[in-house]
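The values are calculated or read from the model by the stated rules, or taken from the named source; none is laboratory data. In this text, all values refer to a predicted model and were calculated from it rather than measured experimentally. For neighbour counting, all protein chains shown are included, and Cβ atoms are generated from backbone atoms with ideal geometry for every residue, glycine included.
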Amino acid sequence: MAKPRMILGTLYIVFAFGILLDWFTYFLLAVLNPLPDRLIFNYLSLSGIIDPFASNNISDISKAVYPYEKTLYYGVAIVSFMGILTITISLWQIINKEGTITKKSIINLITGIVTGLIAGFTTCLPLFL
């Protein structure tokens with residue numbers, strides 16, 4: 001089990017320098033861009049809770065006029081970050097369990113993927129830059 005941990009440790013160092021120097025964030029933006037983004041805004045506009053024209057201000061921070069629009073955007077960004085963090089932690093648990101994959105880590109992985117699709121994986125990434 002020393003070899004997978006060495007590979008994982010090396011990946012941690014590469015990810016840390018990548019996030020610190022912004023090239024890993026740009027890589028994640030390019031890779032995750034084709035995925036459907038911010039499905040929660042589509043559901044809210046289809047349900048009639050929020051006007052579709054008003055949801056454009058919420059889904060893009062540069063178009064936000066009122067403070068509550070920015071607050072909603074940052075809230076969705078936090079949920080997006082929690083989805084990415086949940087996926088990362090569950091993958092770490094799966095790799096470090098020495099061959100025993102628990103039901104909890106699989107459920108956390110699926111929860112992170114669903115949360116990331118609903119809030120959008122790329123919502124929190126520009127805030128890192």
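Got at least one residue in the range 55-77 being at pLDDT below 85, of a type outside the set (A, V, I, L, M) and not in a helix (DSSP H, G or I)?
Looking for residues that are at pLDDT below 85, of a type outside the set (A, V, I, L, M) and not in a helix (DSSP H, G or I), one finds at least one in the range 55-77, hence yes.
Where the second residue is outside any loop (DSSP other than H, G, I, E, B) and at pLDDT 75 or above and the first is farther than 16 Å from L125 by Cα and lies in the range 60-72, which pairs have Cβ atoms under 7 Å and are six or more apart or on separate chains?
A64/K70; A64/Y73
Is there a residue being within 18 Å of the chain's Cα centre (by Cα), outside any helix (DSSP H, G or I) and either on the phi > 0 side of the Ramachandran plot or at pLDDT 75 or above (or both) anywhere in the range 8-27?
If we filter the range 8-27 for residues that are within 18 Å of the chain's Cα centre (by Cα), which is where we start, we get 12, 15-16, 18-20, 22-27.
Add one more test, that the residue is outside any helix (DSSP H, G or I), and what stays is 22.
Restricting the remaining residues to those that are either on the phi > 0 side of the Ramachandran plot or at pLDDT 75 or above (or both) gives 22.
Within the range 8-27, one or more residues are within 18 Å of the chain's Cα centre (by Cα), outside any helix (DSSP H, G or I) and either on the phi > 0 side of the Ramachandran plot or at pLDDT 75 or above (or both).
With the requirement that a residue be in contact with a Ser or Thr (Cβ under 7 Å, 6 or more places away or on another chain) and surrounded by 14 or more Cβ atoms within 10 Å (Cβ to Cβ), what does the range 20-41 give you?
The first filter runs over the range 20-41 and keeps only residues in contact with a Ser or Thr (Cβ under 7 Å, 6 or more places away or on another chain), leaving 29, 32-33, 37-38, 41.
Answer for the range 20-41, where residues must be in contact with a Ser or Thr (Cβ under 7 Å, 6 or more places away or on another chain) and surrounded by 14 or more Cβ atoms within 10 Å (Cβ to Cβ): L29, L32, D37, R38, F41.
Determine which single condition W92 fails, assuming it passes every other condition in (1) at pLDDT 80 or above; (2) more than 20 Å from L8 (Cβ to Cβ).
Single failed check for W92: (2).
What pairs come out if I take residues in the range 1-25 that are in contact (Cβ under 8 Å) with a residue 40 or more places away in the chain and farther than 17 Å from I84 by Cα and pair them with residues that are among the polar types (S, T, N, Q) and in a helix (DSSP H, G or I) whose C-beta lies under 6 Å away, six or more apart or interchain?
Close Cβ pairs (under 6 Å, with a partner that is among the polar types (S, T, N, Q) and in a helix (DSSP H, G or I)) do not exist here.
Identify all residues within the range 89-122 that are outside any helix (DSSP H, G or I) and either closer than 24 Å to I78 by Cα or not hydrophobic (A, V, I, L, M, F, W, C) (or both); write none if there are none.
Within the range 89-122, K97, E98, G99, T100, T102, G120, F121, T122 qualify.
Can you say whether I106 is at pLDDT 90 or above and more than 12 Å from the chain's Cα centre (by Cα), as far as the supplied structure shows? Give the derivation first.
Details: at pLDDT 90 or above: yes; more than 12 Å from the chain's Cα centre (by Cα): yes.
Yes; evaluated as a whole, the condition is true for this residue.
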